[in-house]
Amino acid sequence: MTLAVCVRQADRSGWQSTTICEIGHGRIEIRILTSSTELTNYFAREWPGIAQVFRLEHLILEKGGTSHFCGVWTDQQSSQ
């Protein structure tokens, strides 16, 4: 299972999230960053030193565009 699928299907009720809204250049941009340490054990074999996973959602309301990015943060000290 890929990281993007896991993040999308996971129960994110206990995850941390923040939202930033910017208005300018004739459009409204909303960025939502959600992160968690709950999937680190699942991905530890594939990504040694994984510290947390995240999902960044970027919405542009003028153009109706949406993009999603998923990734991992690693603890550099534990991965060496």
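What spacing in nm lies between the two simple spin-label points modelled at Ala51 and Arg27, each 7 Å away from Cα in the Cβ direction?
3.2
What spacing in nm lies between the two simple spin-label points modelled at Thr37 and Gln16, each 7 Å away from Cα in the Cβ direction?
Result: 0.9 nm between the two label points.
Taken together, the values in this text are just the output of simple stated rules run on the coordinates, not laboratory data. Since the structure is predicted, the reported quantities are computational estimates derived from the model, not experimental observations. FYI the Cβ positions are ideal-geometry reconstructions off the backbone, even for glycines, and counts take in every protein chain you see.
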